[in-house]
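Working notes, structure below.
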Amino acid sequence: MVKDKVQFRMSSAGKCPRALSAELLGCETRKNKHGHKQIFCACADCGKKRWVNIIAGQLKSIHCIDCGRKKAAQTLRTLHRKPTFPKGTVDNPEIGDIRYGDEISKQSTIRHIYVQCPLCKVQRWVRYIKGQARCTKCRDCFNKENRLGKKPPNWKGGRIICKNNYIFIRIYPNNPYFPMTSKMGYVSEHRLIIAQELGRCLETKEIVHHINGNKHDNRHENLLLVSAQEHRTDYLSGYKEGHRNGQKAQNQELVTEIRLLRLQLKQLRENQNVR
């Protein structure tokens, strides 16, 4: 047994009840897989019981991991950080007050400063990093200014091409044709062009057809408004031929580009051989 060799360290104030060896001599002891002696005792602060190593006849620590981290953070504040003197209290802070995270019910222990948003005047705690607030604006104001402004990141002008090869345009609720949009606020460009010509929103049963079969060709003369039944019956006769002609025109353009590229490549090779 290790009972007679155990000597427990007392705190500097001498108020730790678990520092008395008489109270802890009856605790259970064991050896871990590395052969180190351990004793099953409670934390000096929170009372949580755990196994603690015995080193040189003394406990390795009288605190658990969580309480030990808090003690270490408090020590760093007193030794390495400048003290703060807030004007207000924790419940009623004033703008400019600086406090640590655990004082204002934050998970982190770093310093926070109480600031006011310059746009909506909302007051809140913000992280205090390198002598200044991380961000003075609140989240809503920051998103409005940076993500919904004139030049937000990843903005492509509100014009995108979907997987079905149709072009869609972004419109907003103040637009009279907003009822035609999807959940994301986009409407197909060819349907929007016909709706603007008619001066009304198109119904779901009304279909706008591309005459030449090219879905990117949204010119007015290439669009035709038909019903779903007409589109289904007439597609095999007239629309199919127009679709083929449109595909042939696209293929012809690609063939012309390929020929030009081959000619340029041939000229480059001849220039290299001459040198």
**Prompt:** Does Arg191 satisfy the criteria of being assigned to a loop (DSSP other than H, G, I, E, B), over 28 Å from the mean Cα position of the chain (by Cα) and charged (D, E, K, R)?
**Reply:** no
**Request:** Give Tyr166, Tyr186, Tyr172 a once-over and let me know the one that is of a type in the set (Ser, Thr, Tyr), in contact (Cβ under 8 Å) with a residue 24 or more places away in the chain and farther than 17 Å from Leu225 by Cα.
**Result:** Tyr186
**Prompt:** Which numbered condition trips up Gly213, out of (1) among the small types (Gly, Ala, Ser); (2) at pLDDT 90 or above; (3) farther than 30 Å from Asn143 by Cα?
**Reply:** (2)
**Long-range neighbours under 7 Å by Cβ, at least six apart or interchain, first residue over 21 Å from Asn214 (Cβ atoms) within segment 251-266, second of a type outside the set (Lys, Arg)** = none
**Asked** Is one or more of the residues making up segment 15-26 exposed (fewer than 14 other Cβ atoms within 10 Å of the Cβ) and modelled with pLDDT of 80 or more?
**Response** no
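Go through the residues of segment 141-161 one by one and say whether even a single one is modelled with pLDDT of 85 or more and in contact with a strand residue (DSSP E or B) (Cβ under 9 Å, 6 or more places away or on another chain).
Checked segment 141-161: at least one residue is modelled with pLDDT of 85 or more and in contact with a strand residue (DSSP E or B) (Cβ under 9 Å, 6 or more places away or on another chain).
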**Message:** Please pick out the residue among Ile258, Ile171 that is surrounded by 11 or more Cβ atoms within 10 Å (Cβ to Cβ) and either modelled with pLDDT of 85 or more or aromatic (Phe, Trp, Tyr) (or both).
**Reply:** Ile171
**Item:** Residue in segment 85-125 that is surrounded by the most Cβ atoms within 10 Å (Cβ to Cβ), counting only those that are in a loop (DSSP other than H, G, I, E, B) and polar (S, T, N, Q)
**Value:** Thr109
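For segment 194-226: of the residues being outside any loop (DSSP other than H, G, I, E, B) and among the charged types (D, E, K, R), which is farthest from Gln247 (Cα to Cα)?
Among them, the one singled out is Glu197.
Quick check on this structure: which one of Ala195, Ala228 is assigned by TED's automatic domain parsing to the domain that holds Ile167 and among the small types (Gly, Ala, Ser)? Explain how you work it out, then say what you get.
Numbers: Ala228 fails: assigned by TED's automatic domain parsing to the domain that holds Ile167.
Among Ala195, Ala228, only Ala195 is assigned by TED's automatic domain parsing to the domain that holds Ile167 and among the small types (Gly, Ala, Ser).
The values are calculated or read from the model by the stated rules, or taken from the named source; none is laboratory data. Because the structure is a prediction, the values reported are computed rather than measured. Because the Cβ atoms are built from the backbone with ideal geometry, glycine has one as well, and the counts that use them run over all protein chains shown.
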